[in-house]
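Some notes on the structure that comes next.
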Amino acid sequence: MAVHGGSQQAHYLVYDWFGLGPGLLQGDVVVHSVDYGEPDTGHAEGAGADLGVGLEGGVQESEFGLLTAAWCVIVDRTGRVGVGGNSCVLLPSGVAADVRAGLELGEAMDRLVNRANTKHQNGAIGILTDDLETRQSAYEMLIRLALAPFIHPEWYPDARVKP
């Protein structure tokens with residue numbers, strides 16, 4: 001992966017994809033909080049990777065209704081951490097009701113469009129925007145945002161995994 005920032009270009013080997021702790025969003029429905037669990041620098045180290053990347057998607061309540069939510073946490077071998085999020089889009093009231101009743105977001109979207117496994121295709125974001133934005137493009141943006149402390153480490157001296 002090449003990261004372009006200003007006139008510099010940094011190259012990072014992203015080899016190991018991993019989740020952080022029991023899930024970044026602690027289940028599929030989160031109300032006003034995000035729990036990142038314990039980022040583990042050993043995942044990147046053990047794989048010989050420079051960076052470990054964790055991605056998680058779900059939903060969150062807002063004053064407007066239930067929104068999609070997505071987060072990325074990147075950790076390097078030294079414990080430097082970067083976080084990016086959120087890719088919010090308002091869910092239709094029927095989908096929101098299904099999710100609040102305990103249905104997983106992907107299943108609720110499958111039901112809405114009468115298709116299977118949409119969460120591994122264009123996802124809720126792609127369906128709702130007619131692919132103006134997709135699950136893939138949203139996660140790519142989150143990764144770019146989470147790279148900020150690696151692109152400008154001088155601005156983020158405290159961006160470290162907390163002991």
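The values are calculated or read from the model by the stated rules, or taken from the named source; none is laboratory data. Since we're looking at a predicted model, the values are computed, not measured. Ideal geometry is used to build each Cβ from the backbone, glycine not excepted, and the neighbour counts take in all protein chains shown.
Within the range 131-150, track down each residue that is over 15 Å from Ser87 (Cα atoms) and either of a type in the set (Phe, Trp, Tyr) or over 14 Å from the mean Cα position of the chain (by Cα) (or both).
In the first step, residues of the range 131-150 are kept if they are over 15 Å from Ser87 (Cα atoms); the result is 147-150.
Listed by number, the residues that qualify are Ala148, Pro149, Phe150.
Inside the range 91-138, residues that are within 13 Å of Leu67 (Cα to Cα) and hydroxyl-bearing (Ser, Thr, Tyr) make up a count of 1.
Reported count of residues in the range 140-163, each being closer than 17 Å to Leu55 by Cα and among the acidic types (Asp, Glu), is 1.
Residue count for the range 86-97, restricted to those that are assigned to a loop (DSSP other than H, G, I, E, B) and crowded, with 21+ Cβ neighbours inside 10 Å: 2. Here Leu132 meets the list (1) surrounded by fewer than 17 Cβ atoms within 10 Å (Cβ to Cβ); (2) under 19 Å from Gly94 (Cα atoms); (3) of a type outside the set (Phe, Trp, Tyr) almost entirely, failing just condition (2).
Matching residues to (1) in a helix (DSSP H, G or I); (2) under 28 Å from Leu51 (Cβ atoms); (3) in contact with a helix residue (DSSP H, G or I) (Cβ under 7 Å, 6 or more places away or on another chain):
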site	(1), (2), (3)
Thr78	no, yes, no
Val83	no, yes, yes
Val99	yes, no, yes
Gly102	no, no, no
Arg111	yes, no, yes
Lys119	yes, yes, yes
Gly126	yes, yes, yes
Ala138	yes, yes, yes
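Among the residues of the range 135-163, the one identified as among the acidic types (Asp, Glu) and within 22 Å of Ile125 (Cβ to Cβ) is Glu140. Looking at the range 63-82, which of the residues that are among the aliphatic types (A, V, I, L, M) and modelled with pLDDT of 90 or more is surrounded by the fewest Cβ atoms within 10 Å (Cβ to Cβ)? Looking at residues that are among the aliphatic types (A, V, I, L, M) and modelled with pLDDT of 90 or more, I get Leu67.
To keep it simple, each residue is scored yes or no on (1) under 30 Å from Val161 (Cα atoms); (2) crowded, with 19+ Cβ neighbours inside 10 Å.
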residue	(1), (2)
Glu61	yes, no
Gly84	yes, yes
Val99	no, yes
Gly102	no, no
Asn122	no, yes
